[in-house]
């Protein structure tokens, strides 16, 4: 009975001695191999890594490996990938601005309750913004969004115990107050139904575009504050139009200004009124649009007639077109409603035309449509 026990003990001692002697021999030999660990580690399979042969390898940094933090990338690989659920930033100007449709007087609403086929009513909003519904009574929905109107009607039906947890739907079928008014120098002024944000050029296109007399300034009166206007310049080139093509909203009013007109009368080939393009015109430009003067014109005695204000009398000043044409005098910028009068060379002997006669000629042009 004792022999097996002794043999097992001796075998255990021999095994321990063998292991210790092997470890000591390795240490004495100066081997760089790591000591034998008492923990058995399963070898990793020899797989082809995604980063081999030029492919990018995305790795998790050690400090973020336990918390689902952001990932990084090895040099030469792809950019860092945000963790799942991270909201990516939206590029500026990529979408339309937020806008909510408001119920207004005259709109046609369809109110229904889910599961109640008999409760489908079409009502028109009154001038005070109120509607009358069965069971719910008079409800003021003017100025509310359809969602808020649904919540208000739901509360009315629930408080009266007419329905158990009603689900109300409000559909605005006709947007009477959701139009954009386009007025001024456009081909077809009026109110255009646009339920949602639109660009300024879209509203002008709906009105048929601008007229030849349109100026380069557009005033936008916002529905939220009609006392203040936002003025923008109409520019149709690729770069500037992106800045001036602003958003307009239902209920806004777009007013296209009228361009200024200058008049060239007297001894010229084509007397008349000429629209100032881009609100700018000089004496030489106006003279050229009148196709120049006749051979009998007195270019050194031209007159510029200008009003300093709406209630002031016209002021007359002597202009030498001859000096301006020969570049001896600087060109002069004109203002809206300026009058350039070119007299005849024999006007001094025959009797100079008075300023009243000149103004009468200009008034006749405006009345009889000589302005393009």
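The values are calculated or read from the model by the stated rules, or taken from the named source; none is laboratory data. Just so you know, these numbers come straight off a predicted model, no measurement behind them. Cβ placement follows ideal geometry from the backbone for every residue including glycine, while neighbour counts extend to all protein chains displayed.
Structural remarks
- Boolean, residue 232 is closer than 24 Å to residue 195 by Cα, touching a helix residue (DSSP H, G or I) at 6+ places or on another chain (Cβ under 7 Å) and without any contact (Cβ under 8 Å) to a residue 40 or more places away in the chain: yes
- Within the stretch 141-162, the set of residues being in a helix (DSSP H, G or I) and closer than 13 Å to residue 175 by Cα comprises 146 only.
- The stretch 258-275, subset under 24 Å from residue 233 (Cα atoms) and out of contact with any helix residue (DSSP H, G or I) (no Cβ under 9 Å at 6 or more places or on another chain), residue surrounded by the fewest Cβ atoms within 10 Å (Cβ to Cβ): 258
Conditions (1) modelled with pLDDT under 90; (2) closer than 16 Å to residue 170 by Cα; (3) touching a strand residue (DSSP E or B) at 6+ places or on another chain (Cβ under 8 Å), marked per residue:
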residue: 74; (1), (2), (3): yes, no, no
residue: 80; (1), (2), (3): yes, no, no
residue: 95; (1), (2), (3): yes, no, no
residue: 101; (1), (2), (3): yes, yes, yes
residue: 112; (1), (2), (3): no, yes, yes
residue: 120; (1), (2), (3): no, yes, yes
residue: 125; (1), (2), (3): no, yes, yes
residue: 134; (1), (2), (3): no, yes, yes
residue: 139; (1), (2), (3): no, yes, yes
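- Any hit, the stretch 342-356, residues being within 47 Å of the chain's Cα centre (by Cα), outside the structural domain of residue 186 (by TED's automatic domain parsing), modelled with pLDDT of 90 or more and on the phi < 0 side of the Ramachandran plot: no
- When 337, 300 are checked against the criterion of being under 30 Å from residue 234 (Cβ atoms) and either assigned to a helix (DSSP H, G or I) or at pLDDT below 90 (or both), 337 stands alone in meeting it.
- Within this structure, residue 224 fails the test of being without any contact (Cβ under 8 Å) to a residue 40 or more places away in the chain, closer than 28 Å to residue 337 by Cβ and either surrounded by fewer than 15 Cβ atoms within 10 Å (Cβ to Cβ) or not assigned by TED's automatic domain parsing to the domain that holds residue 128 (or both).
- Residues located in the stretch 303-320, provided they are free of Cβ contacts under 8 Å to residues at least 24 places away in the same chain and outside any loop (DSSP other than H, G, I, E, B): 315, 317, 318
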